[in-house]
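Just so you know, all these numbers are worked out from the coordinates, no wet-lab data involved. Everything quoted here is computed from the prediction, not taken from an experiment. Glycine gets a Cβ as well: all are built from the backbone with ideal geometry, and neighbour counts include every protein chain shown.
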Amino acid sequence: MKTYEISLEIAGPTAIWTRPDTGDSPGTYPIPPRSAAKGIFEAILWNPAVDIVPSRVEICAPLVYHHYATNYGGPLRKSDQKSGGNNYQLFATVLVNVRYRLFAELRLASHTNFPPRIRQWLDRTRSPCHAFKDIFERRLKRGQCHYVPSLGWREFVPSFVGETQNTPIQSDINLSLPSMPDQVFSRPAYGEHALTYAQGLRIKSGVLYYGDCHAE
């Protein structure tokens with residue numbers, strides 16, 4: 001079966017790829033987990049008939065960590081904080097001035113639980129993955145998106161999202177990642193929450209391969 005690949009480059013002043021083991025003072029992974037990369041691609045275009053499977057990420061800017069503080073005023077505050085109108089001061093370790101090149105493979109979804117509109121699109125489309133690739137690249141070139149992609153937290157919006165550039169890879173970066181979140185849901189579309197982790201990942205010469213996909 002012919003495979004189709006899509007790619008994009010994304011950059012911004014601040015990013016956080018939250019490590020779940022860092023508690024209420026979040027730290028960050030050096031690169032976006034597969035689930036975060038998938039969300040960035042789906043911000044440009046999403047179709048439940050096609051699975052976007054992130055395959056690798058290239059680091060195109062030095063990894064610079066920075067201490068970050070913000071005032072949280074949301075519903076997860078303690079009851080006395082909410083009643084007193086007080087915010088919770090949240091401290092985090094983030095990355096600054098990031099730039100990544102992301103790649104993903106397109107696969108036809110194995111499930112058939114599609115809404116009528118998607119079924120009609122499939123009936124008219126000879127090669128759904130090829131069509132998806134063309135639409136995705138056209139939207140990326142035009143700067144169109146379904147929702148604004150983020151660099152982790154929603155407030156960390158990118159300064160650039162577009163076609164891949166000739167930005168050099170940071171080939172001096174070599175790191176081991178013993179454990180990192182891989183997927184959040186049991187299926188790429190219409191799945192239930194089922195967080196899985198990837199073990200023993202390595203960034204070699206600025207590049208990380210996510211490995212095979214566990215999705216159906």
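For the range 4-170, relative contact order (Cα pairs under 8 Å, six or more residues apart, normalised by length) works out to 41 percent. Think of the range 4-170 as a dipole: +1 on every Lys or Arg Cβ, -1 on every Asp or Glu Cβ, centred on the Cα centre; then among Gly12, Pro168, Val64, Gly12 lies furthest on the positive end. When only the Cβ of Lys, Arg, Asp and Glu is charged (+1, +1, -1, -1), the dipole of the chain relative to its Cα centre reaches about 480 debye.
Computed extension length for Lys78-Ser205: 41.3 nm, one decimal, from 0.36 nm per residue of separation with the Cα-Cα distance subtracted. DSSP beta bridges fully contained in the range 108-216 are about 100 percent antiparallel. From its DSSP helices (H runs of at least four residues, each -39,500 (n - 2.57)), the chain gives a residue-normalised ellipticity at 222 nm of -5500 deg cm²/dmol.
For the chain, the calculated P(r) over all alpha carbon pairs, in 5 Å bins from 0 to the bin holding the longest distance, is 1, 6, 13, 17, 18, 16, 12, 8, 5, 3, 1, 0, 0 percent.
With the highest mean first, a sort of the peptides 146-153, 23-30 on other beta-carbon atoms found within 10 angstrom per residue produces 146-153, 23-30. Once both labels are positioned 7 Å from their Cα atoms along Cα-to-Cβ, the gap between Ser127 and Ile169 label points is 2.7 nm.
What aspartates and glutamates could a cross-link reach from Lys204, if we take a straight Cα to Cα line under 14 Å and drop same-chain neighbours fewer than 8 places away? In chain and number order, the partners are Glu58, Asp172.
Rounded to the nearest 10 degrees, the angle from helix 34-44 to the longest Cα principal axis of the chain is 70 degrees. Between the helical axis of 128-142 and the longest alpha-carbon principal axis of the chain there is an angle of about 50 degrees.
For His146 and His67, FRET efficiency with R0 = 25 Å and r from the beta-carbon atoms, rounded to 0.05? Once the sixth-power term is evaluated, E becomes 0.15. When the Gaussian network model of the chain links Cα atoms closer than 10 Å, the mean-square fluctuations of Trp121, Trp17, Trp46 top out at Trp121.
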